[in-house]
1. From the phi of every residue in the stretch 33-44, what ³J(HN,Hα) in whole Hz does the Karplus formula 6.51 cos²θ - 1.76 cosθ + 1.60 yield, where θ is phi - 60° and glycine or proline is x?
2. For Gly74, what residues show an amide H to amide H distance below 5 Å, using hydrogens built from the backbone and excluding near sequence neighbours?
3. Please give the net charge around Gly74, taking every other residue with its beta carbon less than 11 angstrom from that of Gly74, where Lys and Arg add +1 and Asp and Glu add -1.
4. Which of the trypsin sites (Lys or Arg not before Pro) found in the stretch 1-102 are in a DSSP loop and have at most 10 neighbouring Cβ atoms, other than their own, within 10 Å?
5. In the stretch 85-174, what percent of the accessible surface is made up of carbon and sulfur (1.4 Å probe, ligands and nucleic acids excluded)?
6. Using modelled backbone amide H atoms (1.01 Å from N, in-plane), which distant-in-sequence or interchain residues come within less than 5 Å of Asp24's amide H?
7. Picking from Cys143, Cys12, Cys85, which is most flexible by a Gaussian network model of the chain using Cα springs under 10 Å?
8. Using a 1.4 Å probe, what is the accessible area per residue for the stretch 21-91, in Å²?
Amino acid sequence: MTYPTLRLERRCWEEGDRVVVGIDEVGRGAWAGPVTVAAVVSAPEHLRGVRDSKMLTRQERERAAVSVRDWAAGIGVGHASYEECDALGMTLALQAAGRRALADLAGQGFEADRIILDGNYDYLRNGTRVTTVIRGDASVLACAAASCVAKVARDAIMRDEAQHYPPYDFESNVGYPAPTHKAALRGYGPSAIHRRSWIFMEGLCWRGVPPPPGRLFL
């Protein structure tokens, strides 16, 4: 089992990058709700108990996110709505959410000298400031921290929406494909917060039907 370290951040600091930011996203594979990006300014001290959010339970993630907020020099969070996911496509929606997260940091006085982006593709299009790292959320502490912050932030949004759309069980699946979610789509069709251009719509008789106004339950 591997744990994230500050090895890459320290190398960046040694090369003169003062503000080093780890970025990760959550919600790319969901069928409903926003995509969320978190940007975390790494502190120089190591932080225990933080790993890739996918490797943690809900309770562990929530504790980790609290620890990150105490540890990090700065934290920015950005979202792209389900409408933007449909209208822009996932790459541009991620870019919009990521730039909002960086703008959130800028509002706190942090301009990134180096961005460490989880994955192998720079959807931010920030040029030479970006270093992409495959499985960065597993190996780079700032990216692991960002993954926990992003996951907890997005899950909170989806659990708030769950009360308005009870058949889809967003409380549990937070918009990702799951048996109850799929059954509700077959029976009720997509809700107002589903991404209606996604491939899952292909097999539904509801394709092409405009989204219902408002919420099922207020």
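1. Once θ is set to phi - 60°, the couplings for the stretch 33-44 become x, x, 9, 10, 10, 10, 10, 10, 7, 5, 7, x Hz.
2. For Gly74, whose amide H was placed from the backbone, the distant partners under 5 Å are Val41.
3. Once all neighbours under 11 Å are counted, the net charge is -1.
4. Arg48
5. Whole-percent figure for carbon plus sulfur exposure: 51.
6. Residues meeting the amide H criterion: Ala38.
7. Among Cys143, Cys12, Cys85, the largest GNM mean-square fluctuation belongs to Cys12.
8. 42
The values are calculated or read from the model by the stated rules, or taken from the named source; none is laboratory data. Please read these numbers as outputs of a predicted model, since none were measured by experiment. Please note: Cβ atoms are built from the backbone with ideal geometry, for glycine as well, and neighbour counts cover all protein chains shown. Ligands, DNA and RNA are stripped out before the accessible areas are found, and what is left, the full protein with its side chains, is counted by its heavy atoms. Shrake-Rupley method; radii C 1.70, N 1.55, O 1.52, S 1.80 Å.
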